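J.: Supplied in structure tokens, the structure appears directly below.
The values are calculated or read from the model by the stated rules, or taken from the named source; none is laboratory data. Keep in mind that what you see is a predicted model, and the values were worked out from it rather than measured. So basically every Cβ, Gly included, is an ideal-geometry build from the backbone, and we count neighbours across all protein chains shown. These area figures cover heavy atoms from the full protein model, side chains too; ligands, DNA and RNA do not enter into them. Shrake-Rupley method; radii C 1.70, N 1.55, O 1.52, S 1.80 Å.
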Amino acid sequence: MEKLRVARKNEYVIEVNDKGETISLNPDDPELMLKCDNALQKVKKFESEMKIEEQIIDKRQDEKTDYLLSKNDRAKAELLAKTFKKMREAVNEFLGKDACQKIFGDTNYIGMFEDLFEQLEPHFIALKLNAEKLKEEIVNKYTDEDEEEL
């Protein structure tokens, strides 16, 4: 059986935990900044939706149960779990499959994505420099091709 593997050029690798697991981003990917922006927008949207839903739950009459959580407390806990799952999926669309699991493990907490993007900021700076270089190369490539046609 023949194999085909396209070499990954210009891969930016970040170690994300004590186990040595990594995530990688390709600064030459023209969709990278779009994926980042989409993830940020989705996280904020899900957070806003969660706050609205939480207010609705708070307005309901609460009922004690035979278990640890009251009816409203259980609804809030389920809402948090559902929201964190959607947020993780949005961030994974940017950082890669299972990136959030590598970074956070099974732990979710309020503010985790703010913490993550704060830690990624210096990497964004490095990636942005390469993204600008890519734009320059594209402009130069097409400018050179246009000049050759003349």
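This table checks each residue for (1) in contact with a Leu (Cβ under 9 Å, 6 or more places away or on another chain); (2) hydroxyl-bearing (Ser, Thr, Tyr).
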site: GLU31; (1), (2): no, no
site: LYS35; (1), (2): yes, no
site: ASN38; (1), (2): no, no
site: LYS44; (1), (2): no, no
site: GLU47; (1), (2): no, no
site: GLU54; (1), (2): yes, no
site: GLU63; (1), (2): no, no
site: SER70; (1), (2): no, yes
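J.: Considering each of MET50, MET33 in turn, give the residue that is open to solvent by 70 Å² or more (accessible area, probe 1.4 Å), among the aliphatic types (A, V, I, L, M), touching a residue at least 24 places away in the same chain (Cβ under 8 Å) and in a helix (DSSP H, G or I).
T.: That would be MET33, the only listed residue that is open to solvent by 70 Å² or more (accessible area, probe 1.4 Å), among the aliphatic types (A, V, I, L, M), touching a residue at least 24 places away in the same chain (Cβ under 8 Å) and in a helix (DSSP H, G or I).
J.: On to the next question. Among the residues of the stretch 61-73, is there at least one that is open to solvent by 50 Å² or more (accessible area, probe 1.4 Å), outside any helix (DSSP H, G or I) and within 18 Å of LEU120 (Cβ to Cβ)?
T.: No: zero hits.
J.: Going through the stretch 93-116 one residue at a time, which ones are of a type outside the set (Gly, Ala, Ser) and either outside any helix (DSSP H, G or I) or surrounded by fewer than 17 Cβ atoms within 10 Å (Cβ to Cβ) (or both)?
T.: Kept after step one, since they are of a type outside the set (Gly, Ala, Ser), are these residues of the stretch 93-116: 93-95, 97-98, 100-104, 106-110, 112-116.
Matches in the stretch 93-116: GLU93, LYS97, ASP98, GLN101, ASP106, THR107, ASN108, TYR109, ILE110, GLU114, ASP115.
J.: Restricting to the stretch 1-16, name every residue that is open to solvent by less than 90 Å² (accessible area, probe 1.4 Å) and either free of Cβ contacts under 8 Å to residues at least 40 places away in the same chain or touching a Lys or Arg at 6+ places or on another chain (Cβ under 6 Å) (or both). Walk me through how you get there before you give the answer.
T.: Initially, the stretch 1-16 is screened for residues open to solvent by less than 90 Å² (accessible area, probe 1.4 Å), giving 7, 10-14, 16.
Passing the criteria: ALA7, GLU11, VAL13, VAL16.
J.: Being over 26 Å from GLU54 (Cα atoms) and free of Cβ contacts under 8 Å to residues at least 24 places away in the same chain is the filter here; which residues of the stretch 98-117 pass it? Please lay out each step first, then the result.
T.: Filtering the stretch 98-117 for residues over 26 Å from GLU54 (Cα atoms) gives 98-99, 102-103.
If the condition is that a residue be over 26 Å from GLU54 (Cα atoms) and free of Cβ contacts under 8 Å to residues at least 24 places away in the same chain, then ASP98 is the only one that fits.
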